[in-house]
Amino acid sequence: MSEILKIEHLHKKFEDFEVLSDINLSIKKGETIVIVGPSGCGKSTLLRCINGLEDIDEGEVSLEGEAVNPAPKNAAGRRKIGMVFQSYELFPHKTILENVLLAPMKVQKRDRKEATEEALSLLDRVGLASRKDSYPRQLSGGQKQRVAIVRALMMHPEVLLFDEVTAALDPEMVREVLDVILDLAKQKRTMLIVTHEMSFAKAIADRVLFLDGGTIVEDSDPNAFFEAPKTERAKKFLQTFEFGS
Amino acid sequence: MGFEVIFKGKNLIRLLAGLGVAMKISLISVAISIAAGLLLGMLMSMKKPVIGALMRVYLEIVRIKPQMVLLFIVFFGFTKMTGSNISAEASSIIVFSFWGTAEMADLVRGCFISIPVIQYESSKALGLSRLQTYVYVIIPQIVRRLIPLSINLITRMIKTTSLIMMIGIVEVLKVGQQIIEANRKSAPNAAFGVFAAIFLLYFLACWPISCFSKYLEKKWAN
């Protein structure tokens with residue numbers, strides 16, 4: 001499979017604190033990558049650097065050979081990278097359907113009828129077609145997050161970023177969102193997922209990245225990582241998820 | 001009770017015309033305040049220190065000074081000082097806009113900072129330009145939050161126009177006083193009836209605005 005996303009020597013500082021130092025990463029088309037690590041290790045910042053929400057201090061992120069961060073003048077690159085946030089961030093004044101249609105119609109200038117058809121079929125796929133005229137506040141957290149995923153998919157992104165998308169959800173809603181992501185993995189979409197759901201990570205990942213102190217400490221396949229992590233830091237991190245040991 | 005005075009001669013029409021004067025001045029000022037307030041409020045929310053400091057001073061001046069003092073400064077003081085001839089009506093529009101803009105800008109600023117940063121970020125992540133983000137995402141949310149707050153300000157501005165008779169404008173309250181004076185002999189109780197009628201007129205002027213705001217709130221609350 002061919003390389004789609006490349007990160008070279010990425011450095012990111014907040015004031016004097018180096019959040020990410022010398023990140024190098026090559027991602028192949030169709031790969032599902034799960035990023036884990038203790039809080040504050042720079043996982044979310046890495047995602048934000050990939051789609052240009054954060055400026056980077058050194059290095060380059062490129063998508064299919066084209067630089068996306070530092071970004072060239074046109075924002076076209078960003079549209080090819082979709083992102084789903086922890087707090088869903090639907091637009092509260094718009095219905096579900098309007099939320100999903102806004103960017104395709106205003107940014108991509110797509111035809112309303114054609115975009116609506118796609119939106120309804122995607123909403124149907126996540127079980128929410130019947131809620132198309134509801135407003136975000138009438139939906140549960142899990143439902144909102146599924147809509148947010150559809151909204152990102154509508155832009156036909158080459159790469160999807162998930163930033164702790166289940167962290168704000170009640171436990172019984174986590175599953176419905178993870179199922180949607182699992183479905184996307186089966187479709188061989190390229191995804192980078194930051195999560196604290198270790199069993200989900202194990203089930204979905206093609207590759208696991210363990211980030212600590214702003215560097216990639218381990219980059220391995222999920223079985224190797226979860227069964228026999230190479231470093232002490234990863235072992236310690238994984239132990240925090242186990243009780244009674 | 002003095003109500004009969006209201007229907008004597010052209011009194012009712014005169015009262016309504018007085019209300020018209022008050023409404024004209026307040027609504028023109030409200031329109032100016034909304035437009036200028038939106039603009040200044042947006043500037044304030046940009047967190048530029050110099051603009052912020054200037055706006056702070058402006059806002060405090062408006063808050064500290066009673067509207068009547070402002071009216072006197074503009075109508076008596078400013079005209080004398082510059083030798084210009086600003087009409088009473090223009091003076092009151094200047095003062096009411098000066099006041100309304102400051103308060104409106106502060107409301108707008110409050111609404112702007114109440115929109116979470118991540119709403120901008122999720123718009124950006126979807127590829128919306130800065131302008132599109134404002135037009136389709138941020139401003140519609142601002143307007144929804146702003147309506148109930150600004151209705152309060154608008155009704156306050158309408159009510160405060162009762163001060164403009166102090167610089168010689170014959171608005172509804174002044175008309176009322178004239179009617180009472182003119183009928184002092186024939187209807188010594190006119191004061192109650194006339195002021196009650198004015199009370200009702202102010203209510204009729206402000207009530208539809210408040211109804212409209214309730215309607216919008218309901219429509220947007222779903």
Pair list, Cβ < 7 Å and 6+ apart or interchain, from the range B:11-33 residues that are in a helix (DSSP H, G or I) to residues that are basic (Lys, Arg): B:Gly18/B:Lys174
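When you scan the range A:15-130 for strands (runs of 3 or more DSSP E) that lie fully inside it, which ones turn up with 2 or more residues that are closer than 28 Å to A:Thr166 by Cβ and away from chain B (no Cβ under 13 Å)? I'd like the intermediate steps shown before the answer.
Numbers: elements: A:17-28, A:32-36, A:58-63, A:66-69, A:81-84.
It comes to A:17-28, A:32-36, A:58-63.
Could you count how many residues in the range B:189-222 are outside any helix (DSSP H, G or I) and either without any contact (Cβ under 8 Å) to a residue 12 or more places away in the chain or among the basic types (Lys, Arg) (or both)? Quick ask: steps written out before the conclusion?
So the first thing to find is which residues in the range B:189-222 are outside any helix (DSSP H, G or I), and the list is B:189, B:222.
Add one more test, that the residue is either without any contact (Cβ under 8 Å) to a residue 12 or more places away in the chain or among the basic types (Lys, Arg) (or both), and what stays is B:222.
Selection size over the range B:189-222: 1.
Among the listed residues B:Met42, B:Met23, B:Met55, identify the single one that is more than 25 Å from B:Thr161 (Cα to Cα) and not basic (Lys, Arg).
On the way: B:Met23 fails: more than 25 Å from B:Thr161 (Cα to Cα); B:Met55 fails: more than 25 Å from B:Thr161 (Cα to Cα).
Going through B:Met42, B:Met23, B:Met55 in turn, just one is more than 25 Å from B:Thr161 (Cα to Cα) and not basic (Lys, Arg): B:Met42.
Return the only residue of B:Met1, B:Met44 being modelled with pLDDT under 90, open to solvent by less than 40 Å² (accessible area, probe 1.4 Å) and over 18 Å from the mean Cα position of the chain (by Cα). Walk me through how you get there before you give the answer.
Working: B:Met1 fails: open to solvent by less than 40 Å² (accessible area, probe 1.4 Å).
The unique qualifying residue is B:Met44.
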Scope the range A:198-222; condition touching a residue at least 12 places away in the same chain (Cβ under 8 Å), within 19 Å of A:Gln239 (Cβ to Cβ) and of a type in the set (Ser, Thr, Tyr); matching residues: A:Ser220
For the range B:132-144, state whether one or more residues are within 29 Å of B:Gly18 (Cα to Cα) and open to solvent by 40 Å² or more (accessible area, probe 1.4 Å). no
Of the residues in the range B:189-222, those that are surrounded by 18 or more Cβ atoms within 10 Å (Cβ to Cβ) and of a type in the set (Ser, Thr, Tyr) come to B:Tyr202, B:Ser213
Hey, could you check the range B:70-88 for residues that are of a type in the set (A, V, I, L, M) and over 13 Å from B:Phe98 (Cα atoms) and say which is surrounded by the fewest Cβ atoms within 10 Å (Cβ to Cβ)? B:Met81
Does A:Pro157 satisfy being open to solvent by less than 60 Å² (accessible area, probe 1.4 Å), under 13 Å from the mean Cα position of the chain (by Cα) and at pLDDT below 95? yes
Looking at the range A:206-225 only, could you name the residues that are in a loop (DSSP other than H, G, I, E, B) and open to solvent by 10 Å² or more (accessible area, probe 1.4 Å)? A:Asp206, A:Gly213, A:Asp221
Can you confirm whether the range B:20-38 contains a residue that is out of contact with any Phe, Trp or Tyr (no Cβ under 7 Å at 6 or more places or on another chain), more than 30 Å from B:Ile147 (Cβ to Cβ) and surrounded by 14 or more Cβ atoms within 10 Å (Cβ to Cβ)? no
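Residues B:Ile167, B:Ile154: which one is crowded, with 19+ Cβ neighbours inside 10 Å, in contact (Cβ under 8 Å) with a residue 40 or more places away in the chain and either under 22 Å from the mean Cα position of the chain (by Cα) or within 14 Å of another protein chain (Cβ to nearest Cβ) (or both)?
On the way: B:Ile167 fails: crowded, with 19+ Cβ neighbours inside 10 Å.
B:Ile154 is the lone residue from the list that is crowded, with 19+ Cβ neighbours inside 10 Å, in contact (Cβ under 8 Å) with a residue 40 or more places away in the chain and either under 22 Å from the mean Cα position of the chain (by Cα) or within 14 Å of another protein chain (Cβ to nearest Cβ) (or both).
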Just to verify a result, which residue in the range B:98-131, among those that are touching a residue at least 24 places away in the same chain (Cβ under 8 Å) and open to solvent by 50 Å² or more (accessible area, probe 1.4 Å), is farthest from the other protein chains (Cβ to nearest Cβ)? B:Phe98
Check whether at least one residue in the range A:27-39 is surrounded by fewer than 22 Cβ atoms within 10 Å (Cβ to Cβ), modelled with pLDDT under 90 and among the small types (Gly, Ala, Ser), and report yes or no. yes
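The values are calculated or read from the model by the stated rules, or taken from the named source; none is laboratory data. Computed from a predicted structure; not experimentally measured. Virtual Cβ from ideal backbone geometry, glycine too; neighbours counted across all protein chains shown. Areas reflect the complete protein model, heavy atoms only, side chains present, ligands, DNA and RNA absent. Shrake-Rupley method; radii C 1.70, N 1.55, O 1.52, S 1.80 Å.
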